[in-house]
Amino acid sequence: MEIMDGKNLSNIIKDDLRKEISMYVQTPILAVITIGDDEASKVYVNNKRKSCEQVGISFMHFDYLSEVKESVVINKIKELNKDVSVNGIIVQLPIPDHFNVEKIINTIDVSKDVDGLTNESKIKRMNNEESLVPCTTKGILELLDYYKINMESKRVVVVGRSELVGTPTYQECLKRNATVTICHSKTIDLGSITKEADILIVATGHKYLIDKNMIKEGCVIIDVGISRDNGKLYGDVNPDVSDKCSYLTPVPGGVGPMTVVMLLKNTFIAYKNQHGVKNV
Ligand code: NDP
């Protein structure tokens with residue numbers, strides 16, 4: 001079994017990005033909005049800030065208390081949409097329940113939607129128009145490419161159907177001509193479906209949901225899940241799969257760092273698009 005080292009690949013991509021960005025006079029800018037006090041979000045935003053600094057992307061952080069009026073957040077996003085020096089805007093999720101998350105996300109201008117979560121971005125992707133692919137999905141695809149794992153005509157099973165991870169991953173795998181099945185919490189006899197997968201992508205947040213009895217010999221496993229137990233991080237996949245699968249992403253150090261670096265990549269693509277530089 002080979003470990004798919006997302007940390008190493010993310011560092012390679014960061015090096016390339018840093019070199020490329022240094023050739024441009026104007027610095028790309030990513031604006032990040034946080035609302036409330038989610039502890040995990042603080043860690044993620046801090047990672048994003050550090051990674052931006054490493055490649056030469058400026059990081060603007062607008063940190064609101066959960067008591068902030070929704071209109072204040074919406075107006076800030078509108079202001080950032082108009083600001084030509086800002087290239088990417090994200091709202092770090094989750095935000096407190098009393099906010100209309102759809103409304104807030106959909107205020108982001110599609111050209112600056114570097115998380116790819118607005119309805120406009122989703123429609124573009126469904127119509128195969130050029131648009132930014134959500135960072136986790138894009139990170140998974142880049143990992144598979146790096147390890148030369150081709151999904152055309154393969155059986156891909158995605159467990160989890162969220163707008164953030166499962167659904168865009170399902171769609172992008174379909175575009176790559178895989179035969180894709182998507183599973184969720186109402187799926188009956190999950191193991192009988194995951195056992196058919198040549199490539200199994202799991203994004204549920206349930207520690208060790210998948211074990212070796214639920215996989216096919218030689219399959220590739222992408223473990224997106226992150227759950228915390230007594231201060232330790234766990235994936236959705238039990239390590240006992242390692243003597244049966246051919247490739248596995250570790251948690252941490254697999255999809256996580258790839259997600260962050262894809263945010264940088266999307267921000268730079270948005271920057272180039274906004275400056276009329278053709279992306280090659
Ligand atoms: P959501 O909670 O939004 O979605 C979870 C999905 O898993 C849902 O579709 C749910 O089904 C499904 N699910 C839950 N329980 C089961 C089960 N027992 N069997 C089958 N399906 C199940 O989470 P996200 O998609 O946002 O994130 C998923 C995980 O990935 C989390 O642990 C999150 O922390 C992690 N994550 C990691 C990232 C990284 O960079 N590594 C980035 C983003 C997320 P239903 O729709 O029926 O409720």
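Annotations
- Potential extension, ASN177-LYS278 segment - 0.36 nm per residue separation minus Cα distance: 33.7 nm
- Difference of contour (0.36 nm per residue) and Cα-Cα distance, ASP16 to ILE123: 35.5 nm
- Under 5 Å, built H, 5+ apart or other chain: amide partners of MET4: LEU248, THR249
- Cα gyration tensor category, rounded, prolate or oblate, for region 1-62 with a/c compared to 1.5: oblate
- Between SER71 and VAL43, the contour length at 0.36 nm per residue exceeds the alpha carbon distance by 7.4 nm.
- Tail weight of P(r) past 28 Å, computed on alpha-carbon pairs of region 1-145, percent: 22 percent
- Under a 5 Å amide H cut-off, with hydrogens placed 1.01 Å from N, CYS219 pairs with SER246 among residues at least 5 apart or on other chains.
- Each of ILE188 and TYR146 was given a label point 7 Å from its Cα along the Cα-to-Cβ line. The distance between the two points is 4.1 nm.
- Gaussian network model of the chain, Cα within-10 Å springs - most flexible of THR194, THR267, THR167: THR167
- Seen against the Cα atoms of the chain and their longest principal axis, helix 135-146 is set at about 50 degrees.
- Extents of the chain, taken as max minus min of Cα coordinates on every principal axis and listed largest first, are 52, 42, 38 Å.
- Tilt relative to the chain, helix 166-175 - C-alpha long axis, 0 to 90 degrees, to 10: 80 degrees
- In this structure, the amide hydrogen of SER162, modeled 1.01 Å from its nitrogen in the peptide plane, lies closer than 5 angstrom to those of THR167, counting only residues at least 5 positions away or on a different chain.
- Residue exposure proxy: THR34, THR259, ordered by other Cβ atoms within 10 angstrom of their Cβ from fewest to most, comes out as THR34, THR259.
Coordinate-derived values only; no laboratory data. What you see is a predicted model, and the numbers here were worked out from it, not measured in a lab. All Cβ positions, glycine included, derive from the backbone under ideal geometry; neighbour counts span all protein chains shown.
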